[in-house]
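J.: What follows is a structure written as structure tokens; I'll ask about it next.
Values in this text are rule-based calculations from the coordinates and carry no lab data. This is a predicted model, so every value here is computed, not measured. Every residue, glycine as well, gets a Cβ built from its backbone with ideal geometry; the counts of neighbours run over all protein chains shown.
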Amino acid sequence: MTRLIIRNGTLLDQHGTRRSDVAIEDGRITAVGPSLPRTDARELDATGCHVSPGFVDLHVHLREPGKEEAETIETGSRGAALGGFTAVVAMPNTTPPQDNVSTVEFVRAQGVRAGLCEVIPSGCITLARAGEALAPYEALSRAGVHLFTDDGSGVQNAGLMRRALEAAKPLGIVLAQHCEVASLTAGAVMHEGACCCRLGLPGWPSIAEELMVHRDLELVRLTGAPMHFLHLSTAKSVAMVRAAKAEGLPITAEATTHHFALTDELLASKDPLFKVNPPLRTPADIAAIKAGLADGTIDAIATDHAPHSAAQKQLPLAEAPPGMLGLETALALALTELDMPLQDIVAALSWKPAAIARVSERHGRAIEVSSPANLTVFDVNATWTVVPEQLASKSRNTPYAGKTLRGKVRHTVFNGGAVVVDGVAQR
Ligand code: DOR
């Protein structure tokens, strides 16, 4: 039986902030209050730190099964725990893809085996993410899958997407779209704009995202089925989602840390580290993403953690796969870049994504007696420098190497156990 006391922290949750200790036993919070009596429980010092519900990342690529040279569920889970995440949604573009119950159960079981955070498998919208036939939603839903996506690509066929939404609605599952009209992005390596023209590189126009956001908002209006929009990257996408929410459509949205922290100008280096899908965009888009997070149009901060081996990322820009690491830098980027109240930042990292992933029973819960003990202890003032070799991920493709960031996770408690203590993973 694990017993912990988190001592001297400032609790921050849906109820606001207060100075308090937290006692944990057998996976649950057993006492919350100032100066809890000392017992034989392990003490975690939280002086100068905030204690919040654990973070939940709606968007990670853990690469297992299929690309274990880039990441495994264990190494990705370790990165998640170090980033303060107690739950992550694993994207389905694995090999084999997560379009069947046995692969989904394998992913979940590997997460349990690693024991560092909850790994929540997503399911594919279409079989093999091929965009031709629907995946078996009923079986996958019975196996506990709630979010379905073809992430890595969007569902191109509008008729099929309509049928997917109609099939999803009675099951109470949620489809999450990677918005990209593929016929507009063939061969693209970066955002289509001034920088791209100057460099003479093939561009990924904003409209390729916006057309699919527009189409899917109309399909949501038609079917009444809920939908989640993945990694929004353009100002117009944010405006469309804002208007649709005002109208009452049942939609949610996320933005990644790199889409509010980095611009397309970085591609002037032609370094594949900065190639990502959707691409890094302009300062005006970044301002819109930040405004969308601040006013709640965008519900959640996600990472789109996308490890790739050095061999892959050293290919020429046109051939290198898109994607960048994100789990261990997410909190610091949010704190450094976003001009939002701390409670709103933590909401977008914790209880709002927990609700979208349908894990609010276990994650993102207010810090009170009997809540499951999934907690993050972080220091908003700690500064640190990103050293790729020191990250837990098997891959090194962080775009922040050498950057000094503010804000660091000190401890992470998962299922009542200390999986990160003083910034060090415990397993
Ligand atoms: O940059 C990206 N990388 N975007 C995606 O949609 C897929 C991901 C990956 O799997 O590497």
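J.: Name the residue, out of 329, 303, 282, 336, that is out of contact with any Leu (no Cβ under 8 Å at 6 or more places or on another chain), touching a residue at least 60 places away in the same chain (Cβ under 8 Å), under 26 Å from residue 386 (Cβ atoms) and β-branched (Val, Ile, Thr).
T.: Working: 329 fails: out of contact with any Leu (no Cβ under 8 Å at 6 or more places or on another chain); 303 fails: out of contact with any Leu (no Cβ under 8 Å at 6 or more places or on another chain); 336 fails: out of contact with any Leu (no Cβ under 8 Å at 6 or more places or on another chain).
282 is the lone residue from the list that is out of contact with any Leu (no Cβ under 8 Å at 6 or more places or on another chain), touching a residue at least 60 places away in the same chain (Cβ under 8 Å), under 26 Å from residue 386 (Cβ atoms) and β-branched (Val, Ile, Thr).
J.: How many of the residues making up segment 114-133 are in contact with a strand residue (DSSP E or B) (Cβ under 8 Å, 6 or more places away or on another chain), within 16 Å of the ligand (Cβ to nearest atom) and assigned to a loop (DSSP other than H, G, I, E, B)?
T.: Number of matching residues: 3.
J.: Within segment 263-280, can you find the residues that are under 20 Å from residue 210 (Cβ atoms) and within 13 Å of the ligand (Cβ to nearest atom)?
T.: 276, 277, 278, 279, 280
J.: Would you mention how many residues in segment 92-112 are under 22 Å from residue 424 (Cβ atoms) and in contact (Cβ under 8 Å) with a residue 40 or more places away in the chain?
T.: Of the residues in that region, 0 qualify.
J.: Can you tell me which residue among 246, 253 is crowded, with 23+ Cβ neighbours inside 10 Å, closer than 24 Å to residue 175 by Cα and either over 18 Å from the mean Cα position of the chain (by Cα) or within 16 Å of the ligand (Cβ to nearest atom) (or both)?
T.: One residue alone meets the criteria, 253.
J.: Okay, next question. Which one is nearest to the chain's Cα centre (by Cα) among residues in segment 28-65 that are within 28 Å of residue 300 (Cα to Cα) and among the small types (Gly, Ala, Ser)?
T.: 54
J.: Would you confirm whether or not segment 311-334 contains a residue that is of a type in the set (Val, Ile, Thr), under 14 Å from the mean Cα position of the chain (by Cα) and within 16 Å of the ligand (Cβ to nearest atom)? Give the steps one after another, and end with the answer.
T.: First, pick out the residues of segment 311-334 that are of a type in the set (Val, Ile, Thr): 329.
From what's left, under 14 Å from the mean Cα position of the chain (by Cα): 329.
Then keep just the ones that are within 16 Å of the ligand (Cβ to nearest atom); that gives 329.
Yes, there is a match, as at least one residue in segment 311-334 is of a type in the set (Val, Ile, Thr), under 14 Å from the mean Cα position of the chain (by Cα) and within 16 Å of the ligand (Cβ to nearest atom).
J.: Here is a check on your reading of the model: is residue 191 buried (at least 18 other Cβ atoms within 10 Å of the Cβ), under 24 Å from residue 291 (Cα atoms) and either within 16 Å of the ligand (Cβ to nearest atom) or touching a residue at least 24 places away in the same chain (Cβ under 8 Å) (or both)?
T.: Numbers: buried (at least 18 other Cβ atoms within 10 Å of the Cβ): yes; under 24 Å from residue 291 (Cα atoms): yes; either within 16 Å of the ligand (Cβ to nearest atom) or touching a residue at least 24 places away in the same chain (Cβ under 8 Å) (or both): yes.
Yes: the conditions hold for residue 191.
J.: Sticking with this structure for a sec: Within segment 117-128, is even one residue among the acidic types (Asp, Glu) and over 19 Å from the mean Cα position of the chain (by Cα)?
T.: no
J.: Go through segment 348-376 and give me each residue that's without any contact (Cβ under 8 Å) to a residue 24 or more places away in the chain and touching a Phe, Trp or Tyr at 6+ places or on another chain (Cβ under 8 Å). Give the derivation first.
T.: The initial filter retains those residues of segment 348-376 that are without any contact (Cβ under 8 Å) to a residue 24 or more places away in the chain, namely 355, 360-361.
Answer for segment 348-376, where residues must be without any contact (Cβ under 8 Å) to a residue 24 or more places away in the chain and touching a Phe, Trp or Tyr at 6+ places or on another chain (Cβ under 8 Å): just 360.
J.: Still on this structure: Sort out which residues of segment 17-38 are more than 20 Å from residue 417 (Cα to Cα) and either in contact (Cβ under 8 Å) with a residue 60 or more places away in the chain or among the β-branched types (Val, Ile, Thr) (or both), and write them in order of number.
T.: The one that is more than 20 Å from residue 417 (Cα to Cα) and either in contact (Cβ under 8 Å) with a residue 60 or more places away in the chain or among the β-branched types (Val, Ile, Thr) (or both): 17.
J.: Right, here's the next one. Exactly one condition in (1) of a type in the set (A, V, I, L, M, F, W, C); (2) within 16 Å of the ligand (Cβ to nearest atom); (3) buried (at least 16 other Cβ atoms within 10 Å of the Cβ) is false for residue 174; which is it?
T.: (2) is the only condition that residue 174 fails.
J.: State which residue pairs qualify: first residue farther than 15 Å from residue 372 by Cβ and inside segment 394-418, second residue basic (Lys, Arg) and not in a strand (DSSP E or B) in any location, beta carbons under 6 Å apart, and separation of 6 or more residues or different chains.
T.: Correct list of pairs: 397/313.
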